[in-house]
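Here the structure is laid out as structure tokens; the discussion comes afterwards.
The values are calculated or read from the model by the stated rules, or taken from the named source; none is laboratory data. In this text the structure is predicted, and so the values were computed from the model without any measurement. A quick note on method: Cβ atoms are made from the backbone with ideal geometry, for glycine too, and the neighbour counts reach across all protein chains shown.
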Amino acid sequence: MSGRLAGKVAVITGGAAGMGRAASLAFAHEGAKVSIFDIQDEAGAETVRMIRAAGGDAAFFRCDVTKPDQIDAAFAGAIEAFGPYNVLFNHAGTIIVAPLHETPDCEYDRLMDINVKSAFLVTKRAVKHMSDNGGGSIVITGSIASELGYALEAVYCMSKGAVLQLMRTISVEYRDAGIRCNAVCPGFVETAHGLREIAELDAAGQQWEEEGMAATQGRICKPEEVANAALFLASDEASFVNGAALYVDNGWYAKG
Ligand SMILES: NC(=O)c1ccc[n+]([C@@H]2O[C@H](COP(=O)([O-])OP(=O)(O)OC[C@H]3O[C@@H](n4cnc5c(N)ncnc54)[C@H](O)[C@@H]3O)[C@@H](O)[C@H]2O)c1
């Protein structure tokens with residue numbers, strides 16, 4: 001298959017739904033063989049069906065990315081299916097909307113496990129595997145909340161700041177092993193995650209659905225618009241892009 005990722009073998013965490021599904025479809029369309037690691041069996045199988053129907057190659061591996069044994073099993077399955085991988089889109093994540101002083105301690109642990117520990121567990125395995133197999137490209141999903149602060153999203157902002165620093169560190173530490181690492185940093189995106197976030201913030205008295213969206217990013221972002229940014233960073237077109245946070249927010253971050 002020809003395409004911008006022809007000959008690439010990709011792993012996408014959180015690749016069953018939302019932006020992850022859009023990326024799974026886009027990466028496969030551009031010629032990558034795609035392994036999807038996710039906890040949603042039906043959505044994962046459906047994404048694989050969509051890819052195969054379009055002539056691409058993909059496999060789904062049920063994997064909770066907070067669990068090291070499940071990550072190991074999923075990577076083993078992916079390598080067995082498609083050989084060594086050279087693209088990783090570390091995307092799985094979630095959000096809690098709550099005042100800091102009302103955030104339960106256990107929710108802190110849950111969010112940091114899903115957003116931060118998972119990135120540690122997945123990328124530490126990927127950099128070793130890629131180093132041993134000629135290099136690769138890693139894309140991590142940050143957020144506009146990686147560097148700016150948002151009320152009612154303290155732990156989420158902490159988690160997204162952490163993965164941006166992970167991205168920067170990998171880009172420095174593994175450059176000479178032939179690995180590039182970058183981040184996509186979206187604003188509000190039309191996914192289950194983004195729509196729930198907007199609804200919960202609005203229920204708490206903020207006004208994102210209309211005025212807030214118009215004033216910051218103009219309109220809600222489509223999942224495919226983030227997938228396309230991740231595709232660029234994953235591809236060899238971004239061969240000299242390493243350690244970058246690519247904001248996919250229609251100028252919101254630049255505005256401050
Ligand atoms: N939607 C937005 O507005 C927005 C904005 C900025 C950043 N993000 C980031 O995007 C990611 C969420 O993606 P989305 O918006 O496509 O949301 P989504 O909820 O549609 O998709 C998230 C995917 O991750 C999977 N997932 C969740 N926990 C998992 C786990 N423990 N193990 C494996 N898979 C798991 C889900 O099953 C789902 O398929 C997060 O990293 C989030 O921080 C989202």
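List of remarks:
- Within segment 128-177, tally of residues that are touching a Ser or Thr at 6+ places or on another chain (Cβ under 8 Å), in a helix (DSSP H, G or I) and touching a residue at least 40 places away in the same chain (Cβ under 8 Å): 9
- Selection within segment 65-97 - β-branched (Val, Ile, Thr) and out of contact with any strand residue (DSSP E or B) (no Cβ under 6 Å at 6 or more places or on another chain): Thr66, Ile71, Ile79, Thr94, Ile95, Ile96, Val97
- Some residue of segment 45-55 being charged (D, E, K, R), within 15 Å of the ligand (Cβ to nearest atom) and either over 18 Å from the mean Cα position of the chain (by Cα) or surrounded by fewer than 24 Cβ atoms within 10 Å (Cβ to Cβ) (or both): yes
- Within the option set Gly187, Gly149, being among the small types (Gly, Ala, Ser), at pLDDT 95 or above and closer than 27 Å to Arg4 by Cα holds for one residue only, Gly187.
- Any hit, segment 4-21, residues being surrounded by fewer than 21 Cβ atoms within 10 Å (Cβ to Cβ), part of a helix (DSSP H, G or I) and at pLDDT 95 or above: no
Quick grid of which residues meet (1) surrounded by fewer than 18 Cβ atoms within 10 Å (Cβ to Cβ); (2) aliphatic (A, V, I, L, M); (3) over 17 Å from the mean Cα position of the chain (by Cα):
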{"position": "Cys63", "(1), (2), (3)": "no, no, no"}
{"position": "Asp69", "(1), (2), (3)": "yes, no, yes"}
{"position": "Ala81", "(1), (2), (3)": "yes, yes, yes"}
{"position": "Asn90", "(1), (2), (3)": "no, no, no"}
{"position": "Gly93", "(1), (2), (3)": "no, no, no"}
{"position": "Tyr108", "(1), (2), (3)": "yes, no, yes"}
{"position": "Thr123", "(1), (2), (3)": "no, no, no"}
{"position": "Asp132", "(1), (2), (3)": "yes, no, yes"}
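- Boolean, Arg196 is modelled with pLDDT of 95 or more, within 10 Å of the ligand (Cβ to nearest atom) and more than 17 Å from the chain's Cα centre (by Cα): yes
- Here Cys221 meets the list (1) touching a residue at least 40 places away in the same chain (Cβ under 8 Å); (2) closer than 25 Å to Ala92 by Cβ; (3) out of contact with any Ser or Thr (no Cβ under 9 Å at 6 or more places or on another chain); (4) not acidic (Asp, Glu) almost entirely, failing just condition (1).
- Scope segment 76-95; condition within 13 Å of the ligand (Cβ to nearest atom) and either more than 14 Å from Ala119 (Cα to Cα) or modelled with pLDDT under 95 (or both); matching residues: Ile95
- Residues within segment 37-74 that are assigned to a strand (DSSP E or B) and not aliphatic (A, V, I, L, M), tallied: 6
- Pick from segment 27-44, criterion surrounded by fewer than 24 Cβ atoms within 10 Å (Cβ to Cβ) and hydrophobic (A, V, I, L, M, F, W, C), ranking: nearest to the ligand (Cβ to nearest atom): Ile39
- Test result for Ser146, closer than 17 Å to Gly93 by Cα and in contact with a Lys or Arg (Cβ under 9 Å, 6 or more places away or on another chain): yes
- When Phe61 is tested against (1) among the hydrophobic types (A, V, I, L, M, F, W, C); (2) within 13 Å of the ligand (Cβ to nearest atom); (3) touching a Gly at 6+ places or on another chain (Cβ under 9 Å); (4) in contact (Cβ under 8 Å) with a residue 40 or more places away in the chain, exactly one condition is not met: (4).
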